[in-house]
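**Q** Here it is, the structure in full.
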Amino acid sequence: MGINFLPLAKDMRAWLMQRGSLPIASTTDQRAEGAYTNPYTFSGVSIALIMARVVNAFHQYTTQTSGHDEIDAEIERLRLYNEVVLYAARMCEVAIKQLLYCTQIPESRYERMALGALLESPCPSCKKENGKTPHPVSLVGSLAHPFHLCLEFDHCAMSHMDLVNKLRNSQAAHSGIQTLNFRSVEESKSQLMTDCDEVLTGFLHMLSHLEKLEERMLDDLAKKGEAIILLKLNGLPAEDCNFSLIPGESFTYESNPIHPQD
Ligand SMILES: [Zn+2]
Ligand SMILES: [Zn+2]
Ligand SMILES: [Zn+2]
């Protein structure tokens, strides 16, 4: 087990701040020898590239004159707003799952979770015990804990559920956000600008937490990699050790205590 993820949050954030480009990875890369085996790395790369197009479309639409009339402008406003919210949430979701995939947390626990549940869901162990009200747990918090980033995340002044609530509102059929409000094209565009700006500010904030986590995990794995190479150079055969590469825990090796009988 080596480094099995790309710093997607870091790359996405750099791109949004016009300081970098996004990675490209295809099925050819996925099939190549020594490729990442993390499925979320590949879907994450695609989601990042789609999100970049959505952001470009929104930016172009709000900053350039177009041949839209008042009705078109409102429909376009809703279309672009919904896409920005949807992809911002998907991007956070895949960046988190990509990191979770590198931990001992079984994939079955999070694979079907949307962003809201990744940020907060009832504790599965307590849920099983009858009569007990399960306390909320955060998988992002569990991910951050070994790196001492959990408190920073949990007690952050920004509301991390804000993006989740925006997504829920945009998906709710009764939501006022989905109502056409005919006015001048300029007004319609300026509303879109304000709304998307708010979404992207929250998104960039969430990415900054995830970027820190990516950085720490990469550092951690690089250090463990050095330790393993050192062990190998000192003549310890790899099959004699049980490598316990848990993110955030310092690398230890145990000589295999059970020797198979010949
Ligand atoms: Zn519990
Ligand atoms: Zn903690
Ligand atoms: Zn925060």
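The values are calculated or read from the model by the stated rules, or taken from the named source; none is laboratory data. Computed from a predicted structure; not experimentally measured. Don't worry about glycine lacking a Cβ; one is built from the backbone with ideal geometry, like all the others, and counts go over all protein chains shown. For the accessible areas, the whole protein counts, side chains as well, though only heavy atoms, and no ligand, DNA or RNA atoms are used. Shrake-Rupley method; radii C 1.70, N 1.55, O 1.52, S 1.80 Å.
**Q** Which distance in Å, rounded to a whole number, links the C-alpha centroids of the range 95-162 and the range 38-81?
**A** 30
**Q** Please compute the length gained on full extension between Leu151 and Gln60, using 0.36 nm multiplied by the number of residues separating them and subtracting their Cα-Cα distance.
**A** Values: separation 91, 0.36 × 91 = 32.76 nm, distance 3.87 nm.
Gain on stretching Leu151 to Gln60: 28.9 nm.
**Q** Continuing with the same structure: How long is the gain from Ile177 to Leu204 if the chain were fully straight, where each residue apart is worth 0.36 nm and the alpha carbon distance is subtracted?
**A** On the way: separation 27, 0.36 × 27 = 9.72 nm, distance 2.21 nm.
Going from the current span to full extension adds 7.5 nm.
**Q** Would you mind working out the magnitude of the charge dipole of the range 8-255 relative to its Cα centre, with +1 at each Lys and Arg C-beta and -1 at each Asp and Glu C-beta, to the nearest 20 Debye? Before the final figure, lay out the partial values.
**A** Working: 23 positive and 32 negative charges, 72 e Å.
Value, rounded to 20: 340 debye.
**Q** Starting from the Cα of Lys223, draw a straight line to each of the lysines and keep only those under 22 Å, dropping any in the same chain fewer than 8 residues away.
**A** Of all the lysines, those that pass the test against Lys223 - Cα under 22 Å, at least 8 places apart if same chain - are Lys10, Lys212, Lys232.
**Q** While we're here: What lysines could a cross-link reach from Lys127, if we take a straight Cα to Cα line under 23 Å and drop same-chain neighbours fewer than 8 places away?
**A** Result set, ordered by chain and number: Lys97.
**Q** Still on this model: Pick from Ser138, Ser175, Ser121 the residue whose mean-square fluctuation is largest in a GNM of the chain, springs joining Cα atoms under 10 Å.
**A** Highest fluctuation among the options: Ser175.
**Q** I'd like to check one number: the per residue accessible area of the range 122-182, probe 1.4 Å, reported in Å² as a whole number.
**A** Numbers: 3990 Å² over 61 residues.
It amounts to 65 Å² per residue over the range 122-182.
**Q** When the accessible area of the chain is split by element with a 1.4 Å probe, what percent falls to carbon and sulfur?
**A** On the way: 7800 of 14930 Å².
Ligands and nucleic acids excluded, carbon and sulfur give 52 percent.
**Q** If you filter the range 83-135 for trypsin sites (Lys or Arg not before Pro), then keep DSSP loop positions with at most 13 other Cβ within 10 Å, what is left? Before the final figure, lay out each step's value.
**A** Working: sites: Arg90, Lys97, Arg109, Arg112, Lys127, Lys128, Lys132; in loops: Arg112, Lys132.
The qualifying sites are Arg112, Lys132.
**Q** Relative to the compact-globule scaling 2.2 N^0.38 Å, provide the ratio for the alpha-carbon radius of gyration of the chain.
**A** Working: Rg = 22.3 Å, N = 262, 2.2 N^0.38 = 18.3 Å.
The value comes to 1.22.
**Q** Rounded, prolate or oblate: pick one for the range 20-163, where a ≥ b ≥ c are the square roots of the eigenvalues of its C-alpha gyration tensor, a/c under 1.5 means rounded, and failing that, prolate if a/b is larger than b/c, else oblate.
**A** On the way: a/c = 2.46, a/b = 1.47, b/c = 1.67.
Oblate.
**Q** Once the piece of chain linking Glu129 and Ser26 is laid out straight, how much longer is it, given 0.36 nm per residue of separation minus the C-alpha distance between them? Can you show the working numbers first?
**A** On the way: separation 103, 0.36 × 103 = 37.08 nm, distance 4.43 nm.
Full extension from Glu129 to Ser26 adds 32.7 nm.
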